[in-house]
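K.L.:
I'd like to ask some things about the structure below.
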Amino acid sequence: MNWALLIVAGLFEAAFAICLGKAKAETGTAAFFWMAGFFCCLFISMFLLYKAVQTLPIGTAYAVWTGIGAVGTVLAGIFIFKEPVDFWRIFFITTLIGSIIGLKVVSHD
């Protein structure tokens, strides 16, 4: 169950980064709503991370959480913010995903 919480926490980490990027591109009320989304996602992400580390090792949990957030943010950058895609970006995102899976496989929880 705590691994599921950690995965959802990582997805909310990516969501708060997306909200921050959208808020940067907006002005007025739209920017305010994106910042409100940022703070909501931030709270949910941190709370779920807190719950997950009740039973998971903090080093593994934090690495997986940031890894999921990083992968999600890079993918959002590519698909939402139209950032460039090249071989090396895909290569390193793939290795990051492999590392996250590896941490789960070798974890004793």
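K.L.:
For region 7-52, enumerate the residues that are closer than 16 Å to ALA63 by Cα and among the small types (Gly, Ala, Ser).
P.N.:
Correct list: ALA9, GLY10, ALA14, SER45, ALA52.
K.L.:
Might you check whether a residue that is basic (Lys, Arg) and modelled with pLDDT under 95 occurs anywhere in region 99-109?
P.N.:
yes
K.L.:
Assuming VAL71 fulfils every condition listed in (1) at pLDDT below 95; (2) closer than 20 Å to VAL8 by Cβ apart from one, which condition is it?
P.N.:
In the conditions (1) at pLDDT below 95; (2) closer than 20 Å to VAL8 by Cβ, VAL71 misses (1) alone.
K.L.:
Can you tell me which residues in region 76-109 are touching a residue at least 12 places away in the same chain (Cβ under 8 Å) and assigned to a helix (DSSP H, G or I)?
P.N.:
Those that are touching a residue at least 12 places away in the same chain (Cβ under 8 Å) and assigned to a helix (DSSP H, G or I): ALA76, GLY77, ARG89, ILE93, LEU96, ILE97, SER99, ILE100, LEU103, LYS104.
K.L.:
Could you please let me know if VAL64 is under 16 Å from MET1 (Cα atoms), out of contact with any Cys (no Cβ under 8 Å at 6 or more places or on another chain), among the β-branched types (Val, Ile, Thr) and part of a helix (DSSP H, G or I)?
P.N.:
Answer is yes for this residue.
K.L.:
A follow-up question, please. Hey, can you tell me all the residues within region 7-41 that are in contact with a Lys or Arg (Cβ under 9 Å, 6 or more places away or on another chain) and within 20 Å of VAL53 (Cα to Cα)?
P.N.:
ALA9
Table: residues versus (1) part of a loop (DSSP other than H, G, I, E, B); (2) loosely packed, with under 15 Cβ neighbours inside 10 Å.
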| site | (1), (2) |
| --- | --- |
| ALA9 | no, no |
| ALA17 | no, no |
| GLY21 | no, no |
| THR29 | no, yes |
| SER45 | no, no |
| LEU56 | yes, no |
| GLY59 | no, yes |
| ALA70 | no, no |
| VAL74 | no, no |
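The values are calculated or read from the model by the stated rules, or taken from the named source; none is laboratory data. Given the structure is predicted, the values throughout are model-derived calculations rather than measurements. Note that we place each Cβ from the backbone using ideal geometry, even for glycine, and neighbour counts take in every protein chain shown.
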